[in-house]
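Throughout, read-outs are computed from the coordinates displayed, never taken from laboratory work. This is a predicted model, so every value here is computed, not measured. Note that we place each Cβ from the backbone using ideal geometry, even for glycine, and neighbour counts take in every protein chain shown.
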Amino acid sequence: MNENILETQDLCYSYPDGTQALKGVSLKIKRGLTTAILGGNGAGKSTLFLNFNGILKPSSGKLLFDGKPLDYSHNGLKELRRSIGVVFQDPDSQLFSASVLQDISFGAVNMRLPEDEVRRRVDSAMERTGIAHLRSKPTHCLSFGQKKRVSLAGVLVMEPEVLVLDEPTSGLDPMGVGEIMKLLKETQRELGISVVISTHDIDIVPLYCDYAYVMNEGRIVLEGTPQKVFSEAETLRGIHLRLPRVGHLMEILKHKDDFDFNGTAVTISEARRMLKKWKDGRKPG
Amino acid sequence: MISIDKYAYMSKLKSKDPIQKIIFAILTLGVCLWANSPAISLAVLFIMGWVTVVKGGIPFLFFIKLMLVPMSFLVIGVLSVAFNVSTEPEAFLASVPLAGVWIGVSKAGLHQAVLLFFKALGAVSCLYYLSLGTPMIDLLAALRRLKVPRIMVELMGLVYRFIFVLLETAETIFTAQNSRLGYASLSAGFRSLGGLVSSLFIRAYKRSDELYTALEARGYDGELNVLEEYHERHWTGYIPPLAANAFLIAAALLLRRFAGGPAG
């Protein structure tokens, strides 16, 4: 067992039209953690994800899954795609069937599992994503958020080791964002899988992610724990990203209003702790 | 069309075996065409309407509205059958002279028209029964079970799924154009419509690409293998359709013998 479930070394990818989408990406996805790939539009996140499960083949550089280079043979790819499940950004391009049940079953049936096992996995994936009541609804009558859950369930049935999600929160309302991220966190913990999400929703990163890579124009520009990444405010602003709102507030309080904080806080609970400490420190005696 | 689809999913007949429903619809359709009698056609219309509305729970008014859809075609068709042209006014029940000939309604023509009218309504009601009680998904499952070539069923399934995506996209583009006065004048309307169609085509093409990628990511092997939905499948389900049709056939034969109805 390798500590890094997925690793890229100096990965480059150019599209047939000559656009260089990835320019030497090296990153390590740790087993059993949630990793965020942060980046603005066109940073290369989606291209990177398609390289992860062998849909795209890198122009140069290396990809390692569980320490072994990817096997691009027919069977190798099949095994790889079973182990690395990708949930796409737009559920309407992923859901091919008008039947929720049939769409979810697709990946599991392709693994040639016995029917009982397929049914068990479909049921458990629906239960987990909270869509059991949509079983007999047609796909086109679902809301956007429900479609996102169905596409997630359709990947969970393969019981992958790595769950890769392209912009899992885009297009969802605030409640939906919280729900889907909690669901992912639970899934990651209970099944012991590794989760990789791409996002430009800054505020969810310190709350739900253990590690973050920041991409810009096909390169990794920052990496580290969310704490560390968000201490580099200027770099982030230079590439069309920003601090979490709370982090920004704490930064203003510290630098413009002369609050004497130590360190940084990027979540509400961290900020609360820091402000409490500051208040206690001011009490006479 | 969209509302037919909605009602099909709400129908109380949804859980019944789709093959039984197909057999009922097609068998009754066949009997309606074979019997060639307005009375039998009316009976078919009532049976199918009753099953759809009472057993299926489709609103009565909606069913009537649907039955009115083919009416305009039907009326034109029936009128052209009913009216004849002749040089002899005696051949008609009622007629008007026009440019040296007589145009009018003959007894045979009238009979033919009435027959055609009810036969068409009866036949249409059979198809409405099927489409209002069987969601497309179940119909596709039935076709698979009936060993229709896989590629055809898969294509039908994809077309069905993406009709809705296509419509939604077209609607969004249309609204966006309309809110920028894209349809304010006739010429602007033509220009906007052209833009709508071409961007719809490009988006559909892009979407098919994305769909293929997403399918590949889930282990697509050239076949869309999925779980089958479960339906109540029991041989007793065949009894009501067969009984109804046996009754219709018997009634048609009796009518022919005793009422001197038209021979087929």
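Here are the numbers for the structure shown:
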{"item": "Dipole of the stretch B:1-137, positive direction: furthest Cα of B:87, B:103, B:118, with charges on the beta-carbon", "result": "B:118"}
{"item": "DSSP loop trypsin sites (Lys or Arg not before Pro) with at most 12 other Cβ within 10 Å: longest gap in chain B", "result": "B:13-146"}
{"item": "Residue-averaged beta-carbon neighbours from other chains (10 angstrom radius) around B:48-54", "result": "0"}
{"item": "Rg [Å, one decimal], Dmax [Å, integer] - the protein assembly as shown, C-alpha atoms", "result": "32.3, 124"}
{"item": "Hz values of 3J(HN,Hα) by residue in the stretch B:12-27 - Karplus curve (6.51, -1.76, 1.60), Gly and Pro given as x", "result": "6, 8, 4, 7, 6, 4, x, 5, 4, 5, 4, 4, 4, 4, 6, 4"}
{"item": "Proxy reagent accessibility, fewest Cβ within 10 Å first, across B:205, B:238, B:9", "result": "B:205, B:238, B:9"}
{"item": "Candidate lysines for bridging to residue A:30, where Cα separation is under 21 Å - those fewer than 8 sequence places away on the same chain excluded", "result": "A:45, A:62, A:68, A:182, A:185, A:228"}
{"item": "Cross-link partners of residue B:65 among lysines (Cα-Cα below 26 Å; sequence separation of 8 or more within a chain)", "result": "A:137, B:6, B:12, B:14, B:16, B:21, B:55, B:119"}
{"item": "Hz values of 3J(HN,Hα) by residue in the stretch B:153-168 - Karplus curve (6.51, -1.76, 1.60), Gly and Pro given as x", "result": "5, 4, 4, 4, x, 5, 4, 4, 4, 8, 4, 5, 5, 4, 4, 4"}
{"item": "Whole-percent pair-distance distribution, where bins are 10 Å wide, for the alpha carbons of the stretch B:149-230", "result": "15, 36, 25, 15, 8, 0"}
{"item": "Chain A: most fluctuating residue of A:260, A:173, A:103 per GNM, C-alpha cutoff 10 Å", "result": "A:260"}
{"item": "Average partner coverage of A:86-96, which counts Cβ from other chains inside 10 Å", "result": "6"}
{"item": "Using alpha carbons only: equivalent-ellipsoid semi-axes of the stretch A:97-171, gyration tensor based, whole Å", "result": "19, 15, 10"}
{"item": "Length-normalised contact order for chain B - Cα pairs under 8 Å, 6+ apart - percent", "result": "30"}
{"item": "Additional length obtainable on full extension of the chain from residue B:210 to residue B:159, 0.36 nm per residue less Cα span", "result": "16.8 nm"}
{"item": "Under Karplus coefficients 6.51, -1.76 and 1.60, residue-wise ³J(HN,Hα) of the stretch A:95-107 in Hz, glycine/proline x", "result": "7, 9, 10, 6, 9, 4, 4, 5, 5, 5, 6, 3, x"}
{"item": "Charged-residue dipole, Cβ positions (Lys, Arg, Asp, Glu), chain B about Cα centre, Debye nearest 20", "result": "340"}
{"item": "Amide H partners (placed H, <5 Å) of residue A:215, local residues excluded", "result": "A:38, A:39, A:221"}
{"item": "Principal semi-axes in Å for the stretch B:207-246 [√(5λ), Cα gyration tensor, largest first]", "result": "42, 12, 7"}
{"item": "Selection from A:278, A:211, A:50, by position along the positive dipole direction of chain A (Cβ)", "result": "A:278"}
{"item": "Calculated FRET value between residue A:33 and residue A:217, using beta carbons and R₀ = 30 Å, to 0.05", "result": "0.70"}
{"item": "Length-normalised contact order of chain A in % [C-alpha pairs under 8 Å, at least 6 apart]", "result": "23"}
{"item": "Estimated FRET transfer efficiency (residue B:193, residue A:72; beta-carbon r; R0 45 Å; 0.05)", "result": "0.50"}
{"item": "Whole-number Å³ per residue for the convex hull built on Cα positions in the stretch A:64-105", "result": "97"}
{"item": "Highest-MSF residue in chain A out of A:96, A:52, A:259 [GNM, Cα springs under 10 Å]", "result": "A:259"}
{"item": "Modelled FRET efficiency - R0 51 Å, residue A:79 with residue A:242, Cβ distances, 0.05 increments", "result": "0.80"}
{"item": "Quarter of Cα convex hull surface for the stretch A:1-146, i.e. mean projection, nm²", "result": "10.5"}
{"item": "Amide H contacts of residue A:11 (H built 1.01 Å from N, under 5 Å, at least 5 apart or other chain)", "result": "A:24, A:25, A:26, A:62"}
{"item": "Within the stretch B:98-138: backbone nitrogen closer than 12 Å to the residue B:74 label point (7 Å, Cα to C-beta)", "result": "B:114-128"}
{"item": "Built amide H within the under 5 Å cut-off of residue A:264, gap 5+", "result": "none"}
{"item": "Degrees, to the nearest 10: B:107-133 long Cα axis against longest axis of chain B", "result": "30"}
{"item": "The protein assembly as shown, helix-only ellipticity at 222 nm - DSSP H runs n ≥ 4, -39,500 (n - 2.57), divided by all residues, nearest 500", "result": "-17500 deg cm²/dmol"}
{"item": "Dimensionless Rg ratio for the stretch B:1-158, taking C-alpha atoms and the 2.2 N^0.38 Å reference", "result": "1.33"}
{"item": "Sorted by Cβ density within 10 Å, fewest first, the residues B:231, A:133", "result": "A:133, B:231"}
{"item": "Pairs of Cα atoms farther than 31 Å apart, chain B, %", "result": "49"}
{"item": "Average beta carbon contacts from partner chains per residue of A:107-115, 10 Å cutoff", "result": "4"}
{"item": "For chain B, built as a Gaussian network whose Cα springs stay under 10 Å, the top-fluctuating residue of B:250, B:108, B:99", "result": "B:99"}
